[in-house]
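Visitor: Once you've had a glance at the structure underneath, I'll fire off some questions.
The values are calculated or read from the model by the stated rules, or taken from the named source; none is laboratory data. A quick note: this is a predicted structure, and the numbers were derived from the prediction, not measured. Note that each Cβ is placed from the backbone with ideal geometry, even for glycine, and that neighbours are counted across all protein chains shown. Just the protein is used for accessible areas: all its heavy atoms, side chains included, with ligands, DNA and RNA removed. Shrake-Rupley method; radii C 1.70, N 1.55, O 1.52, S 1.80 Å.
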Amino acid sequence: MPILSIQHLTFPIEDPLLKFLLELIIILSAPLLLNKIKVPHLLGLIIAGALIGPNGFNVLARDSSVVVTGTTGLLYIMFLAGLEIDMGDFKKNKWKSITFSIYTFAAPFVLGFVGGYYILQFNLLTAILFASLFSSHTLIVYPLISKLGISKNLSVNITVGGTMITDVLSLLVLAVVVGMTQGEVGSSFWVRLSISMLLFGLIVLLLFPMIGRWFFKQVEDKISQYIFVLVMIYLAALLAEIAGVEAIIGAFFAGLAMNRLIPHASSLMNRVEFVGNAIFIPFFLISVGMLIDFNVFFKSWETLGVAAIMLVASIGGKYIAAVATQKTFKLSKDEGNLIFGMSSASAAATLASVMVGYNIIISETANGEPIRLLNEHVLNGSILLILISCTISSFISMASAQRIAEADKEDTVSGNSREIEHILLAMNHEETVERMVNLALLMKADTNMDRVFALNVINEDKNESSVKNAEKILAMAVDTAAAADVKMQPLTRYDNDVILGINNVIKEKKVTDLLIGLEDEKGFSPSFVYNLYNGYLQNEHVNVLVYHAAQPIATVKRHVVLIPRNAEKEPGFFHALLRIWNIAQNAGAFISFYASDTTIEVLERILKKANIEAELHAVQHWKEAEKAAMDLDEDEGLIVLMAKRGMTSYFPQMRFMPEFLNQHLHDNNYLLIYPFSEEESATMEKRAVSNHRDFAEIGKIIGKLFK
């Protein structure tokens, strides 16, 4: 085995161990050092890449290992943008995204065309391709935005949606110009491009979710699930290239396709983000830095002139587009700046287009020198554009994103809530643990990272095996929650009466929500129904949830929600409704509400402020709601808002609901929610709901509804 000798060390370093160590040191040190002086660490990674790259001190070569990991990082950025986008808001704001994409494509394109055709005297095709370089942008700051917790902000949603459209348009211009220079543009070209794009979109957006849903239902191994996600990213990227567009478009579409299958609060999402932000995305930024060659700017004034025009067209055009978007949709100044910051970075699509144009030779000079579609001055100018645009993007985005995040935080705590959410999972069966924890992760508030409890009550007469079984169950719960960065607190109680043991913990821990899991095969057994009505539901201050999981909740496409008449008059209605809203937001599932006309009016008012993908159906009789439940298809679930006996919304048929579910929905997921009935809790709840970051507006609505 060869031994590394420092005396014989040459540059660029070829030893794989030393190369990888150096890159990891850069990835580790950049955030630690630059955060202290408030410089975005992504900029530090780019500059570090320039210093150690072949055009700097030549410490590392930009070889295949750097290119592969860097390419994965670029695809990862686009995949995360599609994966984390709120599909409900995306559909709601699609026209805003389209408007922004028109602005952000047209403004830089016009400036670039004027500069290329009239100032630099490029021919028509070269000027068009030159102009299209500035219309696209790369979301290099998206990981920073996501980390600050504002990925669902309207300005972010508009920018991400517009990025997809403008990048596709820019790359289509590239495909058309290249085809025209090679004499391939005709009716067959347009037919072939249209068909290939249509097939690509159908395969990724329709077939990928079906494959993903089947895989996640069949395979529970976490490592296999993550590798599957990587396979989907690269497969979509490959299909995009086959269709004639850049791989980054495929990665973004893969994110959209997997959006509903990877809940935002899940352990799989945590793994996807962690590996991307820790390894792949930093490698991409370093690889971008390795392209920068500061020497070229001192060799030719013409290069500096071209670079200046490129900077004005790109940065100026993106600024005009951001201001136009801000004015059109009456956004705040910080939101307008964030749009500008996110869209001003040129890297991936720009570099891809430049390299393609540079490699196309359209003719030769009298001396036999090649005349390229895009000359070396444009190539070198694009490197300066990447450096400066990424610098501007990093600083502007970080500053505006932090102000938006701070404003959101002020809104969140403005309610001065006295009630703090405490969720208790009563566990007794190993097979229900993971799916109960996953439901708890979806329905909890984003700010609740350590007030979730897992409880196992051990009969005092049981032997040592019961103790070991309890330890195993609680360890599984803690590990599952930890994978999503949530600290679950395990609790063990010894009591001959399980219900009494749970009730004592509810009082001790001030529990607001009690989650109980049903065994898949048994469903509602007679003994459980007795314990439910004569034990668990006697807690008037607690929201009781009974959950039956036939499949992972992330694979459920639609939830049908049944709400009884007068439910909105109950003290715990909005607390229970917030749980449903959290599930819809975090899982990305479609919600179909069935309720009375009065309740529908309440839901409509809330939907205007806290949007989810939902449809509302007014029903006059409970039988109509039950029919909707009986018509559930595969991969659909049921949520029923129940009522405790004596409450306004209670009616006699409710006592037959367990039997109805056992008979008709054994193969589906279902969740029964019994809202609390204590008036004092309801008063506190008005303040507590507004304490949830994603639903701050609900608190204002609920306050008005209670008056």
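Visitor: Which residue is nearest to L545 (Cα to Cα), if the candidates are limited to the range 409-426 and must be at pLDDT below 90 and open to solvent by less than 60 Å² (accessible area, probe 1.4 Å)?
Guide: Initial filter on the range 409-426 (at pLDDT below 90): 409-421.
Okay, now just the ones that are also open to solvent by less than 60 Å² (accessible area, probe 1.4 Å), so 412, 415, 417, 419, 421.
Working: T412: 26, G415: 26, S417: 23, E419: 19, E421: 15 Å.
The qualifying residue nearest to L545 (Cα to Cα) is E421.
Listed here are the residues, each with its yes/no results for (1) in contact with a strand residue (DSSP E or B) (Cβ under 7 Å, 6 or more places away or on another chain); (2) charged (D, E, K, R); (3) more than 23 Å from G646 (Cα to Cα).
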site: K509; (1), (2), (3): yes, yes, yes
site: N543; (1), (2), (3): yes, no, no
site: V556; (1), (2), (3): yes, no, yes
site: E570; (1), (2), (3): no, yes, no
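Visitor: Restricting to the range 301-344, name every residue that is polar (S, T, N, Q), surrounded by fewer than 24 Cβ atoms within 10 Å (Cβ to Cβ) and touching a helix residue (DSSP H, G or I) at 6+ places or on another chain (Cβ under 7 Å).
Guide: T303, Q326, T328, N337
Conditions (1) within 21 Å of A247 (Cα to Cα); (2) assigned to a helix (DSSP H, G or I); (3) not polar (S, T, N, Q), marked per residue:
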position: G112; (1), (2), (3): no, yes, yes
position: G115; (1), (2), (3): no, yes, yes
position: S135; (1), (2), (3): yes, no, no
position: K152; (1), (2), (3): no, no, yes
position: V168; (1), (2), (3): yes, yes, yes
position: L172; (1), (2), (3): yes, yes, yes
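Visitor: Would you be able to say whether some residue in the range 21-39 is within 29 Å of the chain's Cα centre (by Cα) and not in a helix (DSSP H, G or I)?
Guide: Among the residues of the range 21-39, at least one is within 29 Å of the chain's Cα centre (by Cα) and not in a helix (DSSP H, G or I), which makes the answer yes.
Visitor: Report every pair of residues separated by at least 6 positions or lying on different chains whose Cβ atoms are under 6 Å apart, first residue within the range 117-146 and closer than 19 Å to L304 by Cα and in contact (Cβ under 8 Å) with a residue 60 or more places away in the chain, second open to solvent by less than 10 Å² (accessible area, probe 1.4 Å) and polar (S, T, N, Q).
Guide: L133/T350; L133/S353; F134/S314
Visitor: Do we have I145 as under 27 Å from the mean Cα position of the chain (by Cα), in a helix (DSSP H, G or I) and of a type in the set (A, V, I, L, M) here?
Guide: Yes; evaluated as a whole, the condition is true for this residue.
Visitor: Suppose we filter the range 358-383 for residues that are open to solvent by 60 Å² or more (accessible area, probe 1.4 Å) and within 15 Å of N295 (Cα to Cα); how many remain?
Guide: 1
Visitor: Exactly one of (1) free of Cβ contacts under 8 Å to residues at least 24 places away in the same chain; (2) crowded, with 18+ Cβ neighbours inside 10 Å; (3) under 28 Å from M657 (Cα atoms) is unmet by E521. Its number?
Guide: (2) is the only condition that E521 fails.
Visitor: Inspect all residues belonging to the range 558-568 and state whether any of them is assigned to a strand (DSSP E or B), in contact with a Gly (Cβ under 8 Å, 6 or more places away or on another chain), of a type outside the set (A, V, I, L, M) and at pLDDT 90 or above.
Guide: yes
Visitor: One residue is enough: does the range 163-186 have a residue meeting the conditions open to solvent by less than 20 Å² (accessible area, probe 1.4 Å) and free of Cβ contacts under 8 Å to residues at least 40 places away in the same chain?
Guide: Looking through the range 163-186, at least one residue is open to solvent by less than 20 Å² (accessible area, probe 1.4 Å) and free of Cβ contacts under 8 Å to residues at least 40 places away in the same chain.
Visitor: Something else now. So for the range 537-560 (the condition being open to solvent by 20 Å² or more (accessible area, probe 1.4 Å) and of a type in the set (F, W, Y)), does at least one residue qualify?
Guide: Scanning the range 537-560 turns up no residue that is open to solvent by 20 Å² or more (accessible area, probe 1.4 Å) and of a type in the set (F, W, Y).
Visitor: Could I ask something else about it? Examine the range 575-595 for a residue that is modelled with pLDDT under 90, part of a loop (DSSP other than H, G, I, E, B), at negative phi and of a type in the set (A, V, I, L, M), and state whether such a residue exists.
Guide: yes
Visitor: So, of the residues in the range 451-484 that are at pLDDT below 85 and in a loop (DSSP other than H, G, I, E, B), which turns out to be farthest from V275 (Cα to Cα)?
Guide: Here the residue is D461.
Visitor: Return the pairs, sorted by first residue and then second, in which the second residue is acidic (D, E), the first residue lies in the range 632-660 and is under 30 Å from I211 (Cα atoms), the beta carbons are less than 8 Å apart, and the residues are 6+ apart or on different chains.
Guide: E634/D667
Visitor: Residue by residue through the range 271-281, note down the ones that are surrounded by 18 or more Cβ atoms within 10 Å (Cβ to Cβ) and either among the acidic types (D, E) or out of contact with any Lys or Arg (no Cβ under 9 Å at 6 or more places or on another chain) (or both).
Guide: V272, E273, G276, F280, I281
Visitor: Which residue is least open to solvent (accessible area, probe 1.4 Å), if the candidates are limited to the range 211-229 and must be within 16 Å of M269 (Cβ to Cβ) and β-branched (V, I, T)?
Guide: Here the answer is V229.
Visitor: Which condition breaks for N496 when tested against (1) surrounded by fewer than 18 Cβ atoms within 10 Å (Cβ to Cβ); (2) modelled with pLDDT under 90; (3) within 14 Å of I423 (Cβ to Cβ)?
Guide: The failed condition is (3).
Visitor: Select from the range 233-247 the residues that are open to solvent by 10 Å² or more (accessible area, probe 1.4 Å), under 20 Å from the mean Cα position of the chain (by Cα) and not hydroxyl-bearing (S, T, Y) and write down the one among them that is farthest from Q551 (Cα to Cα).
Guide: A247
Visitor: Right, something else. Among the candidates G82, G73, single out the residue that is farther than 16 Å from L285 by Cβ, open to solvent by less than 30 Å² (accessible area, probe 1.4 Å) and either touching a residue at least 60 places away in the same chain (Cβ under 8 Å) or of a type in the set (D, E, K, R) (or both). Let's see the steps before the verdict.
Guide: Values: G73 fails: farther than 16 Å from L285 by Cβ.
After ruling out the rest, the residue left standing is G82.
Visitor: OK, next. Which residues, taken from the range 40-53, are assigned to a loop (DSSP other than H, G, I, E, B) and more than 24 Å from S146 (Cα to Cα)?
Guide: Taking the range 40-53 and keeping what is assigned to a loop (DSSP other than H, G, I, E, B), we get 40, 53.
The answer is G53, and nothing else.
Visitor: Which one is modelled with the lowest pLDDT, of the residues in the range 3-39 that are of a type in the set (S, T, Y) and more than 25 Å from I145 (Cβ to Cβ)?
Guide: Across the range 3-39, the extreme among qualifying residues is S5.
Visitor: Return a yes/no flag: does the range 254-269 have any residue that is open to solvent by 30 Å² or more (accessible area, probe 1.4 Å) and either among the β-branched types (V, I, T) or not in a loop (DSSP other than H, G, I, E, B) (or both).
Guide: The initial filter retains those residues of the range 254-269 that are open to solvent by 30 Å² or more (accessible area, probe 1.4 Å), namely 260, 264.
Now narrow it down to the ones that are either among the β-branched types (V, I, T) or not in a loop (DSSP other than H, G, I, E, B) (or both): none.
There is no residue in the range 254-269 that is open to solvent by 30 Å² or more (accessible area, probe 1.4 Å) and either among the β-branched types (V, I, T) or not in a loop (DSSP other than H, G, I, E, B) (or both).
Visitor: Condition first: open to solvent by less than 10 Å² (accessible area, probe 1.4 Å), touching a residue at least 12 places away in the same chain (Cβ under 8 Å) and within 29 Å of F90 (Cβ to Cβ). Can you find one or more residues in the range 525-533 that meet it?
Guide: No, every residue in the range 525-533 fails to be open to solvent by less than 10 Å² (accessible area, probe 1.4 Å), touching a residue at least 12 places away in the same chain (Cβ under 8 Å) and within 29 Å of F90 (Cβ to Cβ).
Visitor: Hey, which of the strands (runs of 3 or more DSSP E) in the range 610-683, taking only ones fully inside, have at least 3 residues that are out of contact with any Gly (no Cβ under 7 Å at 6 or more places or on another chain), open to solvent by 10 Å² or more (accessible area, probe 1.4 Å) and over 18 Å from A576 (Cα atoms)? Break it down into steps so the answer makes sense when it comes.
Guide: On the way: elements: 614-618, 636-641, 670-674.
It comes to 614-618.
Visitor: Any idea which of (1) open to solvent by less than 10 Å² (accessible area, probe 1.4 Å); (2) outside any helix (DSSP H, G or I) is the one G56 doesn't satisfy?
Guide: Going through (1) open to solvent by less than 10 Å² (accessible area, probe 1.4 Å); (2) outside any helix (DSSP H, G or I) one by one, G56 breaks only (1).
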